[in-house]
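A quick write-up on the structure given underneath.
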Amino acid sequence: MDIVVKGRKTEVPERFRKHVAEKLNLEKIQKLDGKAISLDVELSKEHNPRLADRCDRVEITLRSRGPVIRAEASASDPYAALDAATSKLDAQLRKHADKRHMARRGGRTAMSVAAYTAPLATMGDEEEAEPAANGVPTTKAGPLDVQGEGPLVVREKTHAASPMTLDQALYAMELVGHDFYLFVDAERNQPSVVYRRHGYDYGVIYLKEDPSAEEAPTGAGGALRR
C-alpha cells in the first residue's frame, strides 16, 4: 500500500512528504486494518490572517474493503496538523478494530438504560413510598432514594474543563473514541456538544440560555437543577 500526498491550492514541500512517510506507520495501519487499500494525505492552507492558529489543514483518508476512515485536523503549521490528524486516525482504527474483535467473539450489544435500570425499578416496587419532609414522596430503589416520579439518574459525573476550540474538541472526541464530546467553546464561551453524523461529517450544538423560557418543574426524581 502506497501513501499519496497531495496539496489543495498549495504546494507540498518535499520535506513534508518525507515526514508523512515517516509519521504514518503502514505496518501498524495494516495490522489494525488488514483490508486497507490506499492512504491519501491532503494538505491545504487557509490564507485568512484571522485563522493563523489553524491555517494549515491535513486530511487523511484510508480506503479499504471495509468502511472508509477519514481523519482531519488544523494547526498553525502542517507538521502539527499532521500529528493531530494521525492521532485521530489511530484512534478510529483502534475503535474499528475493537468492534471487529467483539463481533468475532460474539460480543453483546449495548444494553439500553431502561433494561439496565429494570432490576432497580423492580426492587423499588417492593418498597413503599415514604413522604419526605418537603412533601415529595421518596421511594427506595435498591440502595438509592428516589424522590418523586421522575427519571432515575444512576450515575453522575463532574469534569473540570478548560475552554477549547472546535478542532480541539473534535480531536478530544476521536481520542476517547466517543460519538460525542461535551466542551466549553472558547470563542462563544458557551457549553457545546460536538457529535459524529452519518458518513464523515460532524455536527455541533451550542447551548444558549433563553431568559423567556419557563423554569423547569421541580420535584421529579433525578431532575437536573441549575
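Remarks
- One residue alone among A81, A36 is in contact with a helix residue (DSSP H, G or I) (Cβ under 9 Å, 6 or more places away or on another chain), at pLDDT 90 or above and open to solvent by less than 80 Å² (accessible area, probe 1.4 Å), and that residue is A81.
- Just one residue in the set E42, E59, E11, E22 is in a helix (DSSP H, G or I) and either touching a Ser or Thr at 6+ places or on another chain (Cβ under 8 Å) or free of Cβ contacts under 8 Å to residues at least 40 places away in the same chain (or both); that residue is E22.
- Flag if L43 is farther than 18 Å from Y202 by Cα and touching a helix residue (DSSP H, G or I) at 6+ places or on another chain (Cβ under 9 Å): yes
- Checked against (1) free of Cβ contacts under 8 Å to residues at least 24 places away in the same chain; (2) in a helix (DSSP H, G or I); (3) within 29 Å of the chain's Cα centre (by Cα), G34 meets all criteria but (2).
- Selection within the range 41-54: residues that are out of contact with any Lys or Arg (no Cβ under 6 Å at 6 or more places or on another chain) and crowded, with 18+ Cβ neighbours inside 10 Å. The member of this set that is nearest to S87 (Cα to Cα) is V41.
- Matching residues, the range 1-19, being under 23 Å from R65 (Cα atoms) and among the aliphatic types (A, V, I, L, M): M1, I3, V4, V5
- Once the range 174-205 is narrowed to residues that are at pLDDT 80 or above, charged (D, E, K, R) and outside any loop (DSSP other than H, G, I, E, B), the residue that is surrounded by the fewest Cβ atoms within 10 Å (Cβ to Cβ) is R196.
- G150 being at pLDDT below 65, on the phi > 0 side of the Ramachandran plot and more than 14 Å from the chain's Cα centre (by Cα): no
- S162 being among the polar types (S, T, N, Q) and either surrounded by fewer than 12 Cβ atoms within 10 Å (Cβ to Cβ) or in a helix (DSSP H, G or I) (or both): yes
- Residue check, A21 open to solvent by less than 60 Å² (accessible area, probe 1.4 Å) and among the aliphatic types (A, V, I, L, M): no
- Of all residues making up the range 55-71, the number that are open to solvent by 70 Å² or more (accessible area, probe 1.4 Å) and within 24 Å of the chain's Cα centre (by Cα): 3
- Of all residues in the range 85-100, at least one satisfies being open to solvent by 20 Å² or more (accessible area, probe 1.4 Å), modelled with pLDDT under 90 and farther than 20 Å from Y171 by Cα.
The values are calculated or read from the model by the stated rules, or taken from the named source; none is laboratory data. All figures in this text were calculated on a predicted structure; none of them were measured in a lab. We place every Cβ from the backbone using ideal geometry, glycine too, and count neighbours over all the protein chains shown. These accessible areas exclude ligands, DNA and RNA; they are computed on the full protein's heavy atoms, side chains included. Shrake-Rupley method; radii C 1.70, N 1.55, O 1.52, S 1.80 Å.
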